[in-house]
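Data block below; observations after.
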Amino acid sequence: MAKFILLINNKNYPVEVEPNTPLLWVLRDKLGLTGTKYSCGEGICGACTVHIDGNAERSCIVSVKDAEGSSITTIEGLAENPEHPIFKTWIELEVSQCGYCQPGQIMTLAAMLNKNSSKQEIEKEMSTVLCRCGTYHRIRKAVSKLVEGK
Ligand code: FES
Ligand code: FES
């Protein structure tokens, strides 16, 4: 076991875990930040996406030792601003179905919008975040609205 201090949603969280523990386990099991979801555990599905220094990263394949020293934002951090345009658009277009993949979808999109990525770049990246409910059509509609205002 080793001690780490993680900066998450602008707050410092001390944790004591094995250095190779995935960040996702720490978020969910140690800190109760369960908005970030576990699905594949192998970096494939995107359900566990958080921001690390502003980049969308899959927290199931980032170790706690690699995450220390970075600024981490989870869906709870983004939700501190309920007026965020992504949330407003998601609600307006009723994007979610079961909701399980949605934190990963939203965190991936938020990182790309922050970087002013093109619609094509966003769609390519979003296509790697899997949704078992098949909400892709509504996600694409929401992306169009956020990028092009339509
Ligand atoms: S749970 Fe991390 S990418 Fe699937
Ligand atoms: S909304 Fe159910 S998995 Fe995507």
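The values are calculated or read from the model by the stated rules, or taken from the named source; none is laboratory data. Being a predicted model, the structure only gives us computed values, none of them experimental. Here Cβ is always computed from backbone atoms with ideal geometry, including for glycine, and neighbour counts include all displayed protein chains. Side chains are part of the model used for accessible areas, which takes the heavy atoms of the whole protein and leaves out ligands, DNA and RNA. Shrake-Rupley method; radii C 1.70, N 1.55, O 1.52, S 1.80 Å.
Quick one: count up the residues across the stretch 10-24 that are in a loop (DSSP other than H, G, I, E, B), surrounded by fewer than 18 Cβ atoms within 10 Å (Cβ to Cβ) and within 21 Å of the chain's Cα centre (by Cα).
Selection size over the stretch 10-24: 2.
Of everything in the stretch 81-91, what is farther than 16 Å from Val50 by Cβ, within 16 Å of the chain's Cα centre (by Cα) and open to solvent by less than 50 Å² (accessible area, probe 1.4 Å)? Give them in sequence order.
Phe87, Trp90
For the stretch 44-61, how many residues meet the condition of being without any contact (Cβ under 8 Å) to a residue 40 or more places away in the chain, open to solvent by 60 Å² or more (accessible area, probe 1.4 Å) and within 11 Å of ligand 1 (Cβ to nearest atom)?
So the answer is 2.
Restricting attention to helices (runs of 4 or more DSSP H) lying wholly within the stretch 37-139, give those where 2 or more residues are in contact with an Asp or Glu (Cβ under 8 Å, 6 or more places away or on another chain).
In the stretch 37-139, the matching helices (runs of 4 or more DSSP H) lie at 102-114.
Look at the stretch 32-43 and say how many of its residues are under 26 Å from Asn12 (Cβ atoms) and either crowded, with 16+ Cβ neighbours inside 10 Å or basic (Lys, Arg) (or both).
Total meeting the criteria: 5.
Would you check which residues across the stretch 92-102 are open to solvent by 20 Å² or more (accessible area, probe 1.4 Å) and under 16 Å from Thr74 (Cα atoms) and list them?
Of everything in the stretch 92-102, those that are open to solvent by 20 Å² or more (accessible area, probe 1.4 Å) and under 16 Å from Thr74 (Cα atoms) turn out to be Gly99, Tyr100.
Right, Leu27: over 23 Å from Lys145 (Cα atoms), touching a strand residue (DSSP E or B) at 6+ places or on another chain (Cβ under 8 Å) and part of a strand (DSSP E or B) or not?
In short, no.
Please find, within the stretch 107-150, the residue that is farthest from ligand 1 (Cβ to nearest atom) out of those that are at positive phi and open to solvent by less than 80 Å² (accessible area, probe 1.4 Å).
Among those residues, the one meeting the criterion is Gly149.
Does the stretch 46-68 contain at least one residue that is among the β-branched types (Val, Ile, Thr), in the same structural domain as Ser127 (by the TED database) and closer than 19 Å to Ser117 by Cα?
No; the residues of the stretch 46-68 include none that is among the β-branched types (Val, Ile, Thr), in the same structural domain as Ser127 (by the TED database) and closer than 19 Å to Ser117 by Cα.
Find all pairs meeting these conditions: Cβ atoms under 6 angstrom apart; at least six residues apart or on different chains; first residue within the stretch 29-41 and more than 15 Å from Val64 (Cβ to Cβ) and in contact (Cβ under 8 Å) with a residue 60 or more places away in the chain; second residue open to solvent by 40 Å² or more (accessible area, probe 1.4 Å) and in a loop (DSSP other than H, G, I, E, B).
Qualifying pairs under 6 Å: Lys37/Tyr100.
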